[in-house]
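Peer 1: I am attaching a structure below and will ask some questions about it afterwards.
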Amino acid sequence: MEEEVAQSLLDAKERAHQGGVELQQLKAELRKAGEEDTRLKASLLQLTRELEELKEIEASLERQEREVDEDTTVTIPSAVYVAQLYHRISKIEWDYESEPGMVKGIHHGPSVAQPIHLDSTQLSKKFISDYLWSLVDTDW
């Protein structure tokens, strides 16, 4: 009977030791999970901050877009008016498809249509302006 009691005591000690080892493993896993939780919370906080910054940028861009839309609705009609007025006075039909640096179009004069072909890289802006205005009939 003493042997059985001793064996059961040894078995209990072995189970207690195994339970201690398992407890240590569970504590290590719990510590790792806690570290991972802390890391994920920090990452979530950083991503939340970035999201808020992006929302602020989006709101700012939307405000700027509205301002541009408002400016455009005011500017474009006046720009169109000026372009139409200039076209009626000068009677020049512009070639908007010409290569950069070239001023092209057709002046519809009193008797004959005259092509315009000026190289702005070789001629001054003043010369081009004076030439174009010289085409306009000022006998209104």
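The values are calculated or read from the model by the stated rules, or taken from the named source; none is laboratory data. Please read these numbers as outputs of a predicted model, since none were measured by experiment. Reconstructed Cβ throughout: ideal geometry from the backbone, glycine too, with neighbour counts over all protein chains shown. With ligands, DNA and RNA removed, areas are computed over all heavy atoms of the protein, side chains included. Shrake-Rupley method; radii C 1.70, N 1.55, O 1.52, S 1.80 Å.
Peer 1: Of the numbered conditions (1) over 34 Å from the mean Cα position of the chain (by Cα); (2) of a type outside the set (Phe, Trp, Tyr); (3) assigned to a loop (DSSP other than H, G, I, E, B), Gln114 satisfies every one except a single condition; which is it?
Peer 2: (3)
Peer 1: If you go through segment 75-113 one residue at a time, how many are exposed (fewer than 10 other Cβ atoms within 10 Å of the Cβ) and over 14 Å from Val136 (Cβ atoms)?
Peer 2: Total meeting the criteria: 7.
Rundown of residues vs (1) surrounded by 10 or more Cβ atoms within 10 Å (Cβ to Cβ); (2) modelled with pLDDT under 95; (3) at negative phi, yes/no style:
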| position | (1), (2), (3) |
| --- | --- |
| Glu3 | no, yes, yes |
| Gln25 | yes, no, yes |
| Glu29 | yes, no, yes |
| Lys32 | yes, no, yes |
| Gln64 | yes, yes, yes |
| Val68 | yes, yes, yes |
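Peer 1: Which pairs turn up if I take residues in segment 84-97 that are touching a residue at least 12 places away in the same chain (Cβ under 8 Å) and look for partners that are part of a helix (DSSP H, G or I) and open to solvent by 70 Å² or more (accessible area, probe 1.4 Å) with beta carbon separation below 8 Å, at least 6 apart in sequence or on another chain?
Peer 2: Cβ pairs passing all conditions: Ser90/Trp133; Glu93/His87.
Peer 1: Does segment 3-18 include one or more residues that are outside any helix (DSSP H, G or I) and among the hydrophobic types (A, V, I, L, M, F, W, C)? Write out each step before concluding.
Peer 2: Step one: of segment 3-18, the residues outside any helix (DSSP H, G or I) are none.
Within segment 3-18, none of the residues are outside any helix (DSSP H, G or I) and among the hydrophobic types (A, V, I, L, M, F, W, C).
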